[in-house]
Amino acid sequence: MPHSPAPSLPQRRALVIEDDPDIRGLLAMLLQQRGFAVAEASGGLAGVESAARSEPDLVILDMGLPDIDGLETCRRLRRFTNAYVMVVSAHSQEADLLAGLQEGADDYVAKPFSARELGARIDAVFRRRRMAEPPGPVRDADMDDEQQRAAAVQRGLLPRSAPEVPGYGLAGHCRPTRSVGGDFYDWHLQQDQLTVTLADAMGKGMGAALLAATLRSALRGAHGPSPLRTCAAALDLAGPDLYALDAFATVFHAVLDPGSGTLRYVDAGHGLAWIVDAAGGARRLGSEGLPFGIEAEAAWEEQTERLLPGESLVAVSDGFLDATGGIDAAAVRIRAELAASASAQDAAEALAAVAGDAARDDLTVVVLRRAAA
Amino acid sequence: MRFTTSTRGDLVEIAAAGKLNMASASELRRVVAEAAAPGGARIVVNLAGTEFMDSSGLGALVGCLKTARGAGGDLRIANVQEQVRMVLELTNMDRIFTPYPSVETAYDGV
Amino acid sequence: MCSLDPPASCRTLADCEAVNRCHERLDRLWEAHPGVPPRERARFETALVEIVGNVVRHARPGPGQRVEVAVELNVDASFLEARVHEFGAVHADIPHLRAAGAASPAAEAESGRGLAMVRSLVETLAYAPTEGGNVWTLRRRHA
């Protein structure tokens with residue numbers, strides 16, 4: 001594989017002050033992509049010290065820090081640096097953000113933030129564009145690099161482990177291919193309610209992967225017991241990015257009450273979720289709504305199902321459809337693999353392997369299995 | 001790093017002594033592959049003597065787990081020391097690799 | 001701040017041995033600074049070895065060069081600091097994705113895991129270009 005050209009040396013320095021290591025890593029990566037040499041600090045004191053030593057041009061400061069608070073950090077920074085300071089805080093803490101501006105911050109970003117929005121603002125401030133892709137034969141190497149990065153972003157979106165839900169097995173699997181898409185699955189157990197999402201941000205490469213990240217953030221930020229309200233709120237947050245990129249995303253978003261087995265869900269253009277019953281039959285869950293990004297306002301309906309003991313909820317991405325050759329073939333395959341598997345994990349892996357090595361599209365699967373009574 | 005393979009009842013014990021890092025990772029994989037080869041082996045990696053593990057060591061353990069399971073067996077770890085426990089917790093891998101208090105109890109309750 | 005070894009004298013090839021040497025140097029460092037609690041030593045050692053490992057595995061040499069690594073260690077009453085120099089390496093705009101193009105998704109995930117660990121173990125982490133290469137800086141308060 002040809003050696004891709006070395007990226008130009010960073011001309012500017014950035015500092016990320018954020019205590020959540022995952023968000024810190026994501027911000028560092030975004031900034032590095034925009035050509036900054038990045039320093040990271042996990043708290044206010046360390047951040048101020050780092051700024052004194054490295055003299056950054058840009059500081060991204062989280063207002064919710066564990067040691068000295070964001071506001072105090074901002075004050076201390078302003079005593080010695082003229083860096084462009086962007087404060088970041090939860091959407092609901094607007095007062096924080098405004099106070100930050102009063103203490104000398106230059107701009108603010110509310111969480112969940114969109115990578116694209118943040119990038120655009122930084123570009124505007126520094127009047128710097130991402131390194132333009134060189135034309136000609138080098139292009140393939142660049143594409144490979146970008147695919148690898150997109151794959152890494154995509155993998156970073158997947159949950160690391162499944163929550164324990166008594167009486168249920170939960171598993172997900174994403175089988176990526178060389179051309180990376182914007183598939184992801186997510187889950188979340190809170191106050192005994194289990195939220196499960198499978199989504200696909202249309203497109204390939206880094207754009208789709210970052211869009212998927214924005215969407216996941218938006219859904220997580222808006223999560224609650226009502227899938228309909230969650231999706232509507234998430235559309236508010238992620239919508240602008242989707243429209244700007246002329247992109248859309250299909251989403252299946254469900255909330256399970258484990259005790260009763262009641263499953264409330266919104267299907268926004270996804271249409272690839274089934275409930276497989278104990279006898280091996282399968283019924284596909286209806287998809288009434290349009291994907292995210294098609295309409296400015298949510299016009300979805302929330303639907304309700306019930307997962308009885310011995311039944312399973314299976315959701316797949318359209319890579320599965322490609323691999324099996326159609327919706328009916330997909331259903332047959334799902335029923336077969338569920339019948340042959342002892343656990344949600346086995347089923348998810350078996351379904352993900354359906355495409356084999358010839359897969360052209362990412363294949364994502366989530367299996368939620370209710371134990372037989 | 002030194003690896004010693006022995007049988008303990010119906011378990012295969014692999015005692016690892018030293019530092020589990022990029023230098024020793026491939027040796028661990030080789031030793032486990034050998035132990036798993038006959039099929040169905042229940043392996044316990046005894047980490048009593050492993051004072052240090054990094055992400056390549058952890059990656060090797062993950063690879064070993066897959067190898068053991070792929071051959072119809074399983075792999076567990078026991079006698080985890082402080083630094084190794086720290087790494088497992090930081091990476092959330094302690095859900096996948098439950099640290100058992102001894103080789104004998106690693107497969108208790110299956 | 002007392003510097004234990006100046007970088008010029010311990011610049012070596014970036015290979016497995018570099019990682020083993022790190023452990024040895026840290027053992028000597030702790031002997032010289034017995035006041036650092038064991039838990040802090042473990043955290044610092046883990047983070048440092050991850051970074052050196054990252055350099056050994058993933059740093060890409062510039063044209064006609066070999067990657068060499070040098071580690072500076074600084075300990076004082078409150079702080080632990082390490083500077084890991086990668087001489088002769090291309091600047092990676094996304095350091096933990098340097099494995100891209102090398103082996104497998106597994107390898108990438110592994111190095112991503114390594115850097116994620118480092119983030120949880122240190123208070124400051126920086127990666128910047130320098131004369132002849134790049135330098136990682138890790139810093140943590142131990143007291």
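The values are calculated or read from the model by the stated rules, or taken from the named source; none is laboratory data. Everything numeric in this text was worked out from a predicted model, so none of it was measured. No Cβ is skipped: glycine too gets one built from the backbone with ideal geometry, and neighbour counts run over all protein chains shown.
Below are the figures for this structure:
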read-out: Residue in the stretch C:45-67 that is in contact with a His (Cβ under 8 Å, 6 or more places away or on another chain), modelled with pLDDT under 80 and within 11 Å of another protein chain (Cβ to nearest Cβ) present; value: no
read-out: Odd one out for A:S287, checked against (1) in contact with a strand residue (DSSP E or B) (Cβ under 6 Å, 6 or more places away or on another chain); (2) in a loop (DSSP other than H, G, I, E, B); (3) loosely packed, with under 13 Cβ neighbours inside 10 Å; value: (3)
read-out: Residues (touching a strand residue (DSSP E or B) at 6+ places or on another chain (Cβ under 9 Å) and hydrophobic (A, V, I, L, M, F, W, C)) located in the stretch C:60-84; value: C:V67, C:V69, C:A70, C:V71, C:L73, C:V75, C:F79, C:L80, C:A82, C:V84
read-out: Any chance A:R264 is touching a helix residue (DSSP H, G or I) at 6+ places or on another chain (Cβ under 6 Å), assigned by TED's automatic domain parsing to the domain that holds A:E164 and not in a helix (DSSP H, G or I); value: yes
read-out: Residue that is nearest to A:Q33 (Cα to Cα) [pool: residues in the stretch C:116-134 that are more than 7 Å from every other protein chain (Cβ to nearest Cβ) and surrounded by fewer than 20 Cβ atoms within 10 Å (Cβ to Cβ)]; value: C:T130
read-out: Of all residues making up the stretch A:323-373, the number that are of a type in the set (G, A, S), out of contact with any Phe, Trp or Tyr (no Cβ under 9 Å at 6 or more places or on another chain) and crowded, with 17+ Cβ neighbours inside 10 Å; value: 6
read-out: Which numbered condition A:S42 fails, given (1) at pLDDT below 85; (2) within 23 Å of A:G221 (Cα to Cα); (3) within 14 Å of chain C (Cβ to nearest Cβ); value: (1)
read-out: Residue among A:L77, A:L45, A:L30 that is under 22 Å from the mean Cα position of the chain (by Cα) and either in a helix (DSSP H, G or I) or aromatic (F, W, Y) (or both); value: A:L30
read-out: Any hit, the stretch A:234-250, residues being farther than 12 Å from A:V266 by Cα, among the acidic types (D, E) and in contact (Cβ under 8 Å) with a residue 60 or more places away in the chain; value: yes
read-out: Residue ID - surrounded by the fewest Cβ atoms within 10 Å (Cβ to Cβ), chosen from residues in the stretch B:89-110 that are at pLDDT below 85 and among the charged types (D, E, K, R); value: B:R95
read-out: Those residues of the stretch A:174-207 which are buried (at least 19 other Cβ atoms within 10 Å of the Cβ), in contact with an Asp or Glu (Cβ under 9 Å, 6 or more places away or on another chain) and modelled with pLDDT of 90 or more, in sequence order; value: A:L194, A:T195, A:V196, A:T197, A:L198, A:A199
read-out: Lone qualifier among A:D62, A:D67, A:D107 - being of a type outside the set (S, T, N, Q), surrounded by fewer than 21 Cβ atoms within 10 Å (Cβ to Cβ) and within 22 Å of A:D22 (Cα to Cα); value: A:D67
read-out: Of residues in the stretch A:107-130 being among the hydrophobic types (A, V, I, L, M, F, W, C) and in a strand (DSSP E or B), the one modelled with the highest pLDDT; value: A:V109
read-out: Qualifying positions in the stretch A:6-39 - among the acidic types (D, E) and modelled with pLDDT of 85 or more; value: A:E18, A:D19
read-out: First in the stretch B:38-63 and within 14 Å of chain C (Cβ to nearest Cβ), second anywhere and of a type in the set (K, R), Cβ under 6 Å, 6 or more apart; value: B:F52/B:K19; B:S55/C:R113; B:A60/B:R29; B:G63/B:R29
read-out: Given (1) crowded, with 19+ Cβ neighbours inside 10 Å; (2) touching a Lys or Arg at 6+ places or on another chain (Cβ under 8 Å), index of the condition B:E51 fails; value: (1)
read-out: Positions within the stretch B:74-88 being surrounded by fewer than 19 Cβ atoms within 10 Å (Cβ to Cβ) and touching a helix residue (DSSP H, G or I) at 6+ places or on another chain (Cβ under 7 Å), in sequence order; value: B:D74, B:E82
read-out: Among (1) touching a residue at least 40 places away in the same chain (Cβ under 8 Å); (2) in a loop (DSSP other than H, G, I, E, B); (3) not β-branched (V, I, T) - the single one A:L256 does not satisfy; value: (2)
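Results for (1) in the same structural domain as A:P227 (by TED's automatic domain parsing); (2) more than 19 Å from A:V367 (Cβ to Cβ); (3) modelled with pLDDT of 90 or more, shown as yes or no for each residue.
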| residue | (1), (2), (3) |
| --- | --- |
| A:A254 | yes, no, yes |
| A:A268 | yes, yes, yes |
| A:A299 | yes, yes, no |
| A:A315 | yes, no, yes |
